[in-house]
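The values are calculated or read from the model by the stated rules, or taken from the named source; none is laboratory data. None of these values were measured; they are calculated from a predicted model. With ligands, DNA and RNA removed, areas are computed over all heavy atoms of the protein, side chains included. Shrake-Rupley method; radii C 1.70, N 1.55, O 1.52, S 1.80 Å.
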Amino acid sequence: MMPFVPWSRPVADDTAVLLARLGAGDAAAFDVLYRREAGAVYRYALAMAGDAAAAADATHDAFVALATRPSGFDPARGALGAYLAGIARHALLALRRGAFDALDDEHFDADAIARTSPEDLQVRRQGRDALWRAIRELPWPQREALVLVDLQERPYAQAAAIAGCELNTLRTRLHRARQRLAALLGAVAQELST
Amino acid sequence: MNDNTPQRAGCGSMPLADLLRDAALGLGQVQPPAALRERIVARWQPDLPLRAGRHLSRPGRRRLQRVGWRVPRAWAWSGAAACALALLLSLLLAWPWPAPESGARADARLVATSGFVPLVGPERWRQLTADAATPAWLVTTELPRERLAAIGLPFDPARAAEPVRAELLMHASGDVIALRVIGQPVGGPR
């Protein structure tokens, strides 16, 4: 909390203060945290579930968990947004009864990953709806990597923390997600051969 | 649309990155349903009224409840106090105070000195700034660039969908009372 001084410099990260106030039942602190984090959590859940009701339920579970037990968040383990997205992820997986689309994605090929950026992959010209249909066809781990990094522009380390995997595993999933997505969207032969 | 047959590159093709950027922009504009916050608060603090007094913590509400039982007795002594208060108020209203600064001038000074653009009316702004003890928070966020036009700031229509970083000054009541644009959108190199 700071006094009302509109011409002051931006405050440093006040998450710890807000969480302490939240623990004391301060609804104003909840409002600040909700406005700051709820959008990203909801959008992650919506992109993963493809269903507004499931996304709202997952976001609800994440914020109820935070509000009832703020001490569950450990800043040493990552950002608050990643913590909340992680709870929402568990809620979404619970809806899927734990079906995780297990993949052999542990093999890390740095060269292959470096060769295929989304700038290099050419696909047929098409609209946003076609892209979302193709994203929904990706297996959960690949879709998650794509949503977190390419659509939400989260840092790789944070995306790996949310997905509960190693950094290289996340890179592998993202690489395969992009390739598979390009194939689903009608990849152009010239670029596939690179 | 899921034709996996490779095609030749040409005017009918585009980089996957362009499609992903477009989807990211669309996704970034999605907001949680308005009722979700109320649903969470109702689950978290079922006894908390959704609007009035929602800023009070649990100890604060208990204090209010205790004071509430004493109010009827206190009112028995309030007649004389009310008369004195009315007299004082009439004196204050009749006093030749200097004319207050106009809302527009105060707004202009605020914009010039801090970069914040008020999002509330001049009267409300004066109420808020007059009380130095009232808490407020700076919340960093991203807004679609086209929103700048809605608050009278210049923007390039060709980049209307791009986000722009801004600081919101949020009052303890939950109202966003001022906005300051602080830079270019996030999302550059990771």
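So here's what we get for this one:
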| quantity | calculated |
| --- | --- |
| Solvent-accessible area buried by A and B, counting both chains, probe 1.4 angstrom, square angstrom | 6200 Å² |
| For B:ILE40, solvent-accessible area (1.4 Å; no DNA, RNA or ligand), Å² | 0 Å² |
| Solvent-accessible area lost in complex, 30 Å² minimum, residues of the stretch A:54-73 relative to chain alone, 1.4 Å | A:ALA56, A:HIS60, A:VAL64, A:ALA67 |
